[in-house]
Amino acid sequence: MLTIECGPADLERSRFGASPIFELTTLVDRLDRADSRADWPPGLDETYAELCRDVDLALVRALQGPRHGADFLARVPDGPRQTWEDDIAALRATPAPWVRREVARSLRLNAGCSRRVVDALTSPGAIGMVADVLDACWQRLLAPHWPSLREVHDGDLEFRRDELRRVGWQGVVAGLHPELRSTGAGIRIATIPGRARLTLHGSGLVLVPSVFVRPGLTVLAADDGQVGLHYPALPHTSPRARDPLSDLIGRSRGRLLRALETPGTTTALARELDASVGAVGDHLGVLRRSGLVERVREGRRVLYRRTPLGDAVAEGGE
């Protein structure tokens, strides 16, 4: 069992993230073990078989064996808008000492690599070769399906943000997975073997939905103390199609109008919705002109709040 030691104050610093490279490396690992599901995008098994013939996937296999996965292959993400371009650039920029340390550990724990693989991974150009293999995997395995997978991630995050307003961070974390227990002293995950402990040290959790981690959970601990919790994303149930408010005024404005259940500033709303201040300002302008939102001054702050019409529209779309 893994225990993440944290209190309510630690959880209040939590945030959401997205990790394309985690999705890719998890998918490659599962396809390599012939472990796939019918609800995945079609054709992944066939594409993977072609990749095994075309690129040197043995380099990646050596770095994510059953006993150890190299840390630089899946880092704790910065935020929910992280892209493949962000991830592959960070991978290529991995410092050489970090590469050498993780390669040595992987080769020691994941025994059975050929001399060719050992020579490649201990060469000065190792990280470039690994990045080239993963980029080829991305372009052929996931890039064609990423828009639909991103919708699954976004749908899950929208649900979690609604839950956050209702039950707070502790309630959100407790609801991520049936094997996860949130207590006053921290978070316990029964399905992770051993008796390991992690401490947040005030940095908060980074909660990352994943399509391919299901049915389990994965925890990543960064050297700087950040802890990423990758949990199964909610199945895609076309949230846009079942949301009358989004159909009426658009998904982004619908989320903004719901967030204004509590009045807020443009900056605070942008932070809550993981959007730019400019985009939130534009949407607020449209909602004001439509009579759904009004602007009021409170000391030096300018707050936005729903009008009675805005309340009726938001509550009617629930």
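At-a-glance table
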{"item": "Contacts under 7 angstrom Cβ, first residue in the stretch 104-133 being closer than 19 Å to ASP86 by Cα, partner in a loop (DSSP other than H, G, I, E, B), 6 or more apart", "result": "ILE127/THR94; VAL133/VAL55; VAL133/ASP56; VAL133/LEU57"}
{"item": "Matching residues, the stretch 1-34, being polar (S, T, N, Q) and either touching a Pro at 6+ places or on another chain (Cβ under 9 Å) or in a strand (DSSP E or B) (or both)", "result": "THR3, SER19"}
{"item": "Residue check, ARG197 at pLDDT below 85 and over 30 Å from PRO66 (Cβ atoms)", "result": "no"}
{"item": "Pick from the stretch 1-54, criterion β-branched (Val, Ile, Thr) and touching a strand residue (DSSP E or B) at 6+ places or on another chain (Cβ under 9 Å), ranking: farthest from LEU198 (Cα to Cα)", "result": "VAL28"}
{"item": "Unique residue being assigned by TED's automatic domain parsing to the domain that holds LEU73 and out of contact with any Gly (no Cβ under 7 Å at 6 or more places or on another chain) when the list is LEU134, LEU157", "result": "LEU134"}
{"item": "Single condition LEU141 does not satisfy, out of (1) part of a loop (DSSP other than H, G, I, E, B); (2) under 20 Å from the mean Cα position of the chain (by Cα)", "result": "(1)"}
{"item": "Test: residue in the stretch 61-82 that is touching a residue at least 12 places away in the same chain (Cβ under 8 Å), β-branched (Val, Ile, Thr) and part of a helix (DSSP H, G or I)", "result": "no"}
{"item": "Considering residues of the stretch 290-304 that are closer than 17 Å to LEU245 by Cα and of a type outside the set (Ser, Thr, Tyr) only, the residue surrounded by the fewest Cβ atoms within 10 Å (Cβ to Cβ)", "result": "GLY291"}
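The values are calculated or read from the model by the stated rules, or taken from the named source; none is laboratory data. Keep in mind the model is a prediction, meaning the values are calculated, not measured. With ideal geometry, Cβ positions are generated from the backbone for all residues, glycine too; neighbour counts draw on all protein chains shown.
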